[in-house]
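The values are calculated or read from the model by the stated rules, or taken from the named source; none is laboratory data. Note that the structure is predicted; figures quoted are calculated from it, not measured. No Cβ is skipped: glycine too gets one built from the backbone with ideal geometry, and neighbour counts run over all protein chains shown.
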Amino acid sequence: MNAISIRSALTALRILIIVLGCMWVVSAINADDPNGAVESLVSLNLYTGAVCVVAILGFGLFHFGQKLATNPKGAMGTLIGFAVFFVAGLIAWVMADTTVTSAMLAGGATVTEEDVKIADASIQFIYILGILAFVSILAVEGKSILKNWL
């Protein structure tokens with residue numbers, strides 16, 4: 001797959017995310033139920049998250065297959081990335097809280113423990129990925145500084 005195809009696929013993905021956002025705005029404006037906008041937002045978040053996961057896995061698997069064909073040792077880095085991504089998601093899911101508070105129910109929306117767990121796991125997953133990104137930047141920069149210093 002050449003650079004033009006990848007760029008086109010990413011543009012299509014961006015357009016899909018924008019369309020989903022526009023659909024949510026229209027449904028929120030036209031909702032008769034005051035909780036309709038909230039439920040639409042939850043649905044939009046789930047759909048957008050699913051699109052992002054499919055994109056991550058799709059591009060990752062494509063690059064893994066491409067590297068496996070040309071450079072099998074280089075494919076290990078992609079495989080390790082998948083493993084770290086999966087383990088981070090698993091840790092976030094296990095650590096997620098399922099407590100439904102009175103503040104969540106104050107608006108009158110139906111909130112289940114599963115909804116709370118998905119939301120909490122998603123937030124923790126972002127935190128874990130952010131911490132991992134920060135640590136990897138520190139490691140790469142620290143290695144570069146030590147290499148130039150020594």
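Which residue is surrounded by the most Cβ atoms within 10 Å (Cβ to Cβ), if the candidates are limited to region 114-150 and must be closer than 20 Å to Ile80 by Cα and of a type in the set (Phe, Trp, Tyr)? Checking each candidate, the answer is Phe125.
Could you run through region 1-18 and say how many residues are over 18 Å from the mean Cα position of the chain (by Cα) and more than 21 Å from Gln66 (Cα to Cα)? Reasoning before the result, please.
Of the residues in region 1-18, the ones over 18 Å from the mean Cα position of the chain (by Cα) are 1-8.
Within this subset, residues satisfying the condition of being more than 21 Å from Gln66 (Cα to Cα) are none.
Looking only at that region, the number is 0.
Identification of helices (runs of 4 or more DSSP H) wholly contained in region 1-118 with 1 or more residues that are assigned by TED's automatic domain parsing to the domain that holds Leu129 and modelled with pLDDT under 75 yields 102-105.
Note on region 65-92: among residues that are among the β-branched types (Val, Ile, Thr) and without any contact (Cβ under 8 Å) to a residue 40 or more places away in the chain, the one that is farthest from Ile123 (Cα to Cα) is Thr70.
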